[in-house]
Amino acid sequence: MSKKNLEPTRMANEKAFLVGVDIHNQNNWLSLEDSLEELSLLASTAGLEVVGEATQSLSHPNPETFIGSGKVQEVIALVNETLADIVVFDEELSPRHQRELEKSFGEKVRIIDRTALILDIFAQHADTREGILQIELAQYEYRLPRLTRAWTHLARQAGGGAGRTGSVGGVGLRGPGETQLEVDRREIRNKISNLKKELEKVRSHRSLYRLQRKRSQIPTAALVGYTNAGKSTLLNFISKAEVYVADQLFATLDPTTKRVILPDNNVCLFTDTVGFIQKLPTQLITAFRATLEEINEADLLLHIVDITHPSAQSQWQSVQETLSILKADHIPTITVLNKIDKLPEPDLAQEISRDYKDAIAISAKTGIGVIDLLKMVENELFFSYVPVKVNLPYQQGRLISIFHEQGKIETISHKKGGVMIEGKMPARYVSLFEHYFSNAGIDDEEE
């Protein structure tokens, strides 16, 4: 597997024209202006030069060209005036929208959407075998319903070929383009199937690794947050690591886990995860399932927020929504308001923190507040207890031992099928017992 397989959606030094649409009743956390500004940053991260933008407010997308026909003509004129090579839409275009827009703009101008742009950035930044596999899967799943004759190189790359054309008994057979499309579709489906099998192996390997971590009883805190919020900077500061950091979107993609000694000498594993973003492509959520499981399996989440960003609250909401989609919103969370060193007045940090639950203000760059953050993490993982009542089968001797060693037992009774324990348990261990809560069905007959 090579990064060469991840074909970019753009050529170097291309000029990009951006198109944003405000669709009524669509649930976006960022305003149209902020979303376009973010799209501009994405374009710059991908190596594009932004030369202009246009916006339109619609009650619903045009069924053919997404934006209105008059706006299409207006954008075509602006594209010609700015000599743009590529038009980037701030929404995901349907295959039909893409085809109709390509017809309208002609062959000299490329049409891509926000999803294709993000996929391209991920393709540029993926370094590990797992990351490359995930991005390639996402790209193929995105391209499959959008196949046109422009993609007829795929089968040739794979060594396939279209059937011969001609006529039999005066009946015309399918042309080479149509046949080639069918070959390409089959080839892409095969690639998708193979990539899913490879990623399932990665997922199994990660599951074993996580199981070993749980058996070691070392808790894990996952760093989550909007892209460019400062997750990698924080991990570098607390672990003395050298995770790649850059002032751009999606600077790092692959998860990194580091061992950190907390203030009272307890040990915790901190995992840096891929940054979230508004309108995160569904292909990426699916493809990055193995990586995102690191979030679901964490004992604690540190939600990093760039407190200096004008849309900080909206970004926080967007991440919360993504965590809900990932079914990780039940995990205990500390909100970390980062970059207070950039505030004009330090006192603003405390004022802003009141808008967030369980929040602490820090500077991952200078270290302000980081020790207090680590104390909060330690308290949550090692000194915060949750009341539980469990029915543990005798075969689960390991869990019974953990409750005796780590928990505070209030009542214990031995039944025919196992032991019923009621007491308090450190929050980080509760997930180990979730299948054995008191309604799990152990025989109530006393021994």
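Calculate, for HIS435 and SER324, the FRET efficiency according to 1/(1 + (r/R0)^6) with r their C-beta to C-beta distance and R0 22 Å; round to the nearest 0.05.
For HIS435 and SER324, the calculated efficiency is 0.45.
Using alpha carbon centroids, what distance separates region 48-109 and region 382-440, in Å?
Region 48-109 and region 382-440 have Cα centres separated by 59 Å.
When you have a sec, figure out the Kirkwood radius of region 218-382 from all distinct Cα pair distances and drop it here in Å to one decimal? Please report the intermediate quantities before stating the final value.
Numbers: mean 1/r = 0.0635 Å⁻¹.
Every distinct Cα pair counted, the radius reaches 15.7 Å.
Which of the peptides 337-345, 349-357 is most tightly packed, and how do the rest follow, going by the mean number of other Cβ atoms within 10 Å of each residue?
Ranking the peptides 337-345, 349-357 by packing returns 337-345, 349-357.
Along the Cα→Cβ direction, 7 angstrom out, place labels at ASP347 and ASN190. What is the inter-label distance in nm?
Each label point is offset 7 Å from its Cα along the Cβ direction, giving 7.0 nm.
At a Förster distance of 45 Å, what's the computed FRET efficiency of LYS197 paired with GLU33, Cβ-Cβ distance as r, to 0.05? Please list the in-between numbers first.
Working: r = 44 Å, r/R0 = 0.97.
E between LYS197 and GLU33, to the nearest 0.05, is 0.55.
Computed from the coordinates by the stated procedures, all read-outs in this text should not be read as laboratory data. Since the model is a prediction, treat every value here as computed from it, not as a measurement. Note: ideal-geometry Cβ built from the backbone for every residue, glycine included; neighbour counts use all protein chains shown.
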